[in-house]
């Protein structure tokens, strides 16, 4: 059984002439992390809220583990947990209060709730601060409290709407580790993020959304094929060599003092020799998800240039 199936989901908000979502369809397997990528306002949060029974669609259907989110909301809510993008801890409650009380609200016995709360707070590095009111926590710690609340529930489907926003690099890795461990029990995650490295590290599949539509989806390997070449080379701008560089692949203006050339492994040696003759520094790396994302949704900002 699939964890989530969405078919033809559309959403038009009242008093708006534009659709926030347009005929979105996707499926999430059990034990899979499925990531939604898109610019601000692309429709990611709207879709997550519909799947989590917080918002009604204008058209289409969503099923969670076989249950219809419109007709069987109570059953769906017993199977899911969510970290909403706009969520904030209550100022006067402690991390312990948030996690322990939330587990009891979800029906956990006191002993189980206590054990789970202690375990998850330690996992996120919050246990030493478990008795501090949320108003005295840093922004990153507050965000981790919300993630801890959701993950402590052992829900079968987890919705994470930008869960690591505002976290420092160490805290982000704590959350990544917890997510990877959490999904091992055949659980599923629908994730939204603006961090491309996060999507590459965590995702089994990715869908890129633009203006309410899915414009590409598949594995990271599948999406990398959107760009014909498989290697990128970055070097300082040297206008006298632009036409020569174009013979090696697609030359792209990054908006900085660097030129990016999308090319193939077979041409790297010749291209690097050309750069060395001009005494230009350069870096070579595989095509990244960031390259693919900007290629798909930001071609007005990041495109092949004449560079005259």
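Every number here is computed from the coordinates shown, using simple stated rules; none is lab data. Quantities reported herein were computed from a predicted structural model and do not represent experimental measurements. With ideal geometry, Cβ positions are generated from the backbone for all residues, glycine too; neighbour counts draw on all protein chains shown.
Extension gain for residue 39 to residue 226 (0.36 nm times residue separation, less C-alpha to C-alpha distance): 65.5 nm. Between region 239-286 and region 155-196, the C-alpha centres lie 36 angstrom from each other.
Kindly identify region 139-182 as rounded, prolate or oblate by the Cα gyration tensor criterion: order the square roots of the eigenvalues as a ≥ b ≥ c, call it rounded if a/c is under 1.5, otherwise compare a/b with b/c, prolate if a/b is larger, else oblate. Prolate, because a/c is 1.5 or more and a/b exceeds b/c.
Taking the chain as a Gaussian network of alpha-carbon nodes connected by springs under 10 Å, the highest mean-square fluctuation of the residues 144, 116, 237 belongs to 237. Compactness ratio for region 4-224: Cα radius of gyration over 2.2 N^0.38 Å (N = residue count) comes to 1.00.
For the chain, averaging the sequence separation of C-alpha pairs within contact (under 8 Å, six or more residues apart) and dividing by the residue count gives a relative contact order of 19 percent.
Using a Gaussian network model of the chain in which every pair of alpha carbons under 10 angstrom is joined by a spring, one finds that among 177, 16, 129 the greatest mean-square fluctuation is at 16. Taking every C-alpha pair closer than 8 Å and separated by at least 6 residues, the mean separation divided by the residue count of region 156-308 gives a relative contact order of 21 percent. Note on the chain: GNM, Cα springs under 10 Å; of 223, 132, 56, the largest mean-square fluctuation is that of 132. Overall dimensions of region 47-163, expressed as equivalent-ellipsoid semi-axes from the Cα gyration tensor (√(5λ), whole Å, largest first), are 28, 16, 10. Once the chain from residue 16 to residue 213 is taken as fully extended at 0.36 nm per residue, the excess over their C-alpha distance is 69.2 nm. Relative to the current alpha-carbon distance between residue 104 and residue 168, full extension at 0.36 nm per residue lengthens the span by 20.0 nm.
I need the calculated FRET efficiency for the pair residue 285 and residue 131, taking r as the beta carbon distance and R₀ as 41 Å, to the nearest 0.05. Given R0 = 41 Å and the Cβ-Cβ separation, E is 0.35. Just to verify a number: FRET efficiency for residue 176 and residue 114, C-beta to C-beta distance, R0 = 30 Å, to 0.05? Calculated transfer efficiency: 0.70. Calculated mean residue ellipticity, 222 nm, the chain: -9500 deg cm²/dmol, from DSSP H runs (n ≥ 4) at -39500 (n - 2.57) each, averaged per residue and rounded to 500. The DSSP beta bridges internal to the chain are antiparallel in roughly 65% of cases.
Note on region 231-297: the alpha carbon radius of gyration divided by the globular reference 2.2 N^0.38 Å gives 1.05.
First check a/c for region 159-219, with a ≥ b ≥ c the square roots of the eigenvalues of its C-alpha gyration tensor; if it is under 1.5, answer rounded, and if not, answer prolate when a/b is larger than b/c or oblate otherwise. Oblate shape, in that a/c is at least 1.5 and b/c is the bigger or equal ratio.
Of interest is the spacing of the C-alpha centroids, which for region 129-151 and region 65-98 amounts to 16 Å. Paramagnetic label reach from residue 268 (point 7 Å along Cα→Cβ; backbone nitrogen cut-off under 19 Å): within region 279-294, residues 280-292.
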